[in-house]
Amino acid sequence: MRFLIGCLFSAFLACSFSVSHAQVLQAVLEGRIVTESGSPANASTVVLLKARDSSIVTSAVADNKGMFHFAGLQPESYLLLISKAGYTKMYAGPYDIKPGTTFGTPDIKLKQQVQNLSEVSVVSTRPDIEAQAGKLIINVQNSLQAQGNSVFDILRSSPGVRVDNSNISLIGHQNALVTIDGKPTNLTGEDLITVLQGMQANTIDRIELVTAGSAKYDASSGGVINIVSKKGKNTGFNASVTGLAGYGKYYKGNAGLVFNDRTDNYNIFGNYGYTDNKTFHDFTSDRVINFDNTISDYDVAYNSVQKSHQNTFGFGADFYLSPKHTIGFFVNGSVADNNYIKDNNLNIYNQSAPDSTITANSNLNRHFSSVNYNLNYSGKLDSMGKMITADLNYTSNNRSSAEYITNNFYDGSGNRLKDSLLQNLSPSNIQIWLSKVDFTDPLSKTSKLEAGLKYSNVTSNNDLIFGPLVNGVYTSDRAFSNHFVYTENINAGYVNYKSKQNKFNIDVGLRAEQTIAKGNSLTLNHIVNDNYTDLFPHLILTYAESDKDEFSLSYNRGITRPRYDQLNPFLYYIDLYDYTSGNPYLKPEYSNLVELSYTYNKTIVTTLYAHIVDNFDEFNFNEQNDTSKVNITTQVNFGRAYNYGLRFFAPAVFTNWWSANFDVDAAYQRYVAYPANGNLDKGTQDIIFHSTQHFDLGDNYIAEISGYYESPSFYGIAQLKAYYQVDARIGKQLFNKRGSIKLEATDIFNTYQDRSYITYENLDIRGTDKKESQVVKLTFTYRFGKTSIKNTVHQTGNEEEQKRANSTN
């Protein structure tokens, strides 16, 4: 550990003090790649090399006109290495670039490759992690961890991503906006985690972690995690299959397929995955109530076993009507059937003497489906590059949930007093319609204007039928049963301007969003309307001191609207003294984020940040009635949250067989309650350290060890204890590198759990939360067809609505 910390500290010092001060005028090198017929060789890869030693400077991908562009170059003699699937790789140059000039190369013509496609082997050279202003890109397919694991597993080990048993965050503890190909997931909380656990990593190409997003995208307070699926751009067919078998306390298994077939007229792509898991979830809660000269203890021990069968899928096609116009469709979703066997024991003590015991045993069957349909169009309006894109989305989330509970009551001596049977039904349906149009106008070679409009309409229909068995018939208890309908319309528009002037890049924009919402409890005949309009400015200013040294300053204002289930006033039953409830009066959170970053060689990133959130509600708030002893868990706009910190990411190469990535996030967090919620004003440190060590063992063997540590910290009203975890894996490539096998052990020391305690106002609660994490897995993967896959992403725009369409109970 001392050695790793020393390496991290040395890398940090090297990155912080290696700024170059050369003031040489920089130049531009640009040109066009064509085929033998003279048509544009779009999607060609162009690598810029120094002529004197063939060292790589940077790379680019030719656009639809075959054009490439390298800016900010030092005066030098350069070579170009051009490659494209189906064509012979070639060099061009050398080209002598003068200070402050723009050098245009003659058209570079590629020759058709004569080998059979089955004989072509293309090896990816993308780094594991790429750094851009306000963004980290995780190239999943480069990682040994990706084989056989889920997207959730990848996120747990991604730099800057914080994952607990029910939330995924990128900026502090703020829930991140999670998108798939820029399209909504519809989910947060436990439902989102369930879907990501069923989504296999072999179906995706990369994960984009965005803290400073453009005004073009939804104004998310917690940043954006965009999961990009595989979608090939080269002609031909390719596919891969994966199978996994694992065991912890219970069995694990999955299998998956991803494929792509592209011709000159169309591109068809898709994936399918099936997961069959059995796992456990245990938690404890010790609640102490000091009231009326009596100290009472309400101790809960909850144990559950979950069986899950899940299908995830995606299928789409793009049709090229002409070189300038493309239409496409995409359908993706998830269907899950889960069965939960629950055992909840509540032991009550008064003045340390046993008072009574209540057991709640239940069987819960839940079916969940989420399907998203997308139609899209993109077209170029002129030869200058003006472009318009349009999307129409429809998303449907359906859940059926039936739980039958048996309560047994015992006195302090263990004598059985009575039994009761309860029914808990909670079906829900969420429908989302969305349309958007985006326009891009390249004003010049160095500037671009973007503008767009977006409309979304959401209807969330939720029912809760809860009540006891009376005379052989289940009845509805009006104190707990409810029918709630929530509708929301969001109208949004934005304008964004980008410009590059010498060493400076500026990206500035403004987004406006109008929200018209209505919550209607049909059972209670109670309506809550909420209408508001907000402006969200955005700025990224980048300064390239040299080829390797880059500084950026960004500012974003964001919003996090309540999830649809959080606005639902249902009172969900846990036991006779514990419930959860929504809050129809919950308001959106608003945040302001400022980041100052330094990037060295597009890999080492140091970022200072300040993140302030108003109407903070990202944690569970407990409302305890000391007289009745009932505890209700809900969400409130608690107060203001401050988060100041330093993030640092660096790769390191120690030998030709040992390399590593290091990630540190050291923050100071402070929470200040609004007067209505108490008298809290408390700050604490929060330090997160993550590292993955890579070992090339020779003979096509690769090994990795990864570790994660988070210091004790304070969050909302809860004190969190330290958390740490270690994983290890070893893999070997087979069948001329088309196949691979991997053995992996996760959470080797079985330390993955949440431990917390609350001492605030009249609350005194201690608890643990543990899900199965210590698992051994064996994975086999085989790839066939063409193995060179370049990926694109099409965004459909309903990211925000999909994020909030969640039900976690």
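The values are calculated or read from the model by the stated rules, or taken from the named source; none is laboratory data. Since we're looking at a predicted model, the values are computed, not measured. No Cβ is skipped: glycine too gets one built from the backbone with ideal geometry, and neighbour counts run over all protein chains shown. Remember, those area values only see protein heavy atoms, side chains included, never the ligands or the DNA or RNA. Shrake-Rupley method; radii C 1.70, N 1.55, O 1.52, S 1.80 Å.
The table that follows gives values for the structure above.
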read-out	value
Alpha-carbon gyration tensor eigenvalues x 5, square-rooted, for the range 227-336, Å	50, 19, 9
Accessible area of Met67 in the full protein assembly, 1.4 Å probe (Å², nearest 10)	70
P(r) histogram, all alpha-carbon pairs of the range 478-631 included - 5 Å bins from 0, percent	2, 7, 13, 13, 13, 12, 9, 9, 7, 6, 5, 3, 1, 0
Degrees separating the helix 2-16 axis from the principal Cα axis of the chain, which is the longest one	50
Segment Ile56-Tyr701, extension gain: residue separation times 0.36 nm, minus the distance between their alpha carbons	229.5 nm
Charge dipole magnitude, Cβ of K and R +1, D and E -1 - the chain, Cα centre, debye nearest 20	2600
Ellipsoid semi-axes in whole angstrom, largest first, where each is sqrt(5λ) of the Cα gyration tensor of the range 501-552	47, 11, 5
Peptides ranked, highest mean first, by Cβ atoms within 10 Å: ranges 468-475, 261-268	261-268, 468-475
The range 694-761 and the range 43-74: distance between their alpha carbon centers, rounded to Å	37
Order by protection proxy (mean Cβ within 10 Å, highest first), peptides 616-625, 91-100	616-625, 91-100
Residue-averaged [θ]222 nm for the chain, counting only DSSP H segments that reach four residues, each worth -39500 (n - 2.57)	-1500 deg cm²/dmol
Set of lysines with alpha-carbon distance to Lys252 below 18 Å, sequence-local pairs under 8 removed	Lys278, Lys307, Lys742, Lys770, Lys771, Lys777
Positive dipole terminus of the chain, leading residue within Pro94, Gly253, Thr284 (C-beta point charges)	Pro94
Options Gly213, Ala722, Phe330, ranked by Cα towards positive dipole end of the chain, top entry (Cβ charges)	Phe330
Mean separation of Cα contacts under 8 Å, 6 or more apart, over the residue count of the chain: relative contact order %	12
Solvent exposure ordering (accessible area, 1.4 Å, most first) of Lys418, Lys84	Lys418, Lys84
Accessible-area composition of the chain, carbon plus sulfur, in percent [1.4 Å probe]	57
Helix 189-198 axis, angle to the chain major axis (alpha carbon atoms, nearest 10°)	50
Residues Ser400 and Met67, FRET efficiency given R0 of 56 Å [Cβ-Cβ distance, rounded to 0.05]	0.60
When the range 360-488 is reduced to its Cα atoms, the Kirkwood hydrodynamic radius in Å	19.5
Reciprocal mean inverse distance between Cα atoms of the chain - Kirkwood radius, Å	28.5
Among Ile687, Leu778, Asn271 - extreme Cα towards positive end, dipole of the chain, charges at beta-carbon	Asn271
Theoretical gain in end-to-end length, Thr105 to Thr459 [0.36 nm per residue, Cα-Cα removed]	121.9 nm
Distance between the range 647-691 and the range 363-403 - C-alpha centres, whole angstrom	34
For the range 472-570, accessible area per residue (1.4 Å probe, heavy atoms of protein chains only), Å²	45
Accessible surface, per residue, of the range 280-400 when the full set of protein chains is kept, probe 1.4 Å, Å²	45
The range 251-307 and the range 465-487: distance between their alpha carbon centers, rounded to Å	27
Rounded to 5, percent antiparallel among DSSP beta bridges of the chain	95
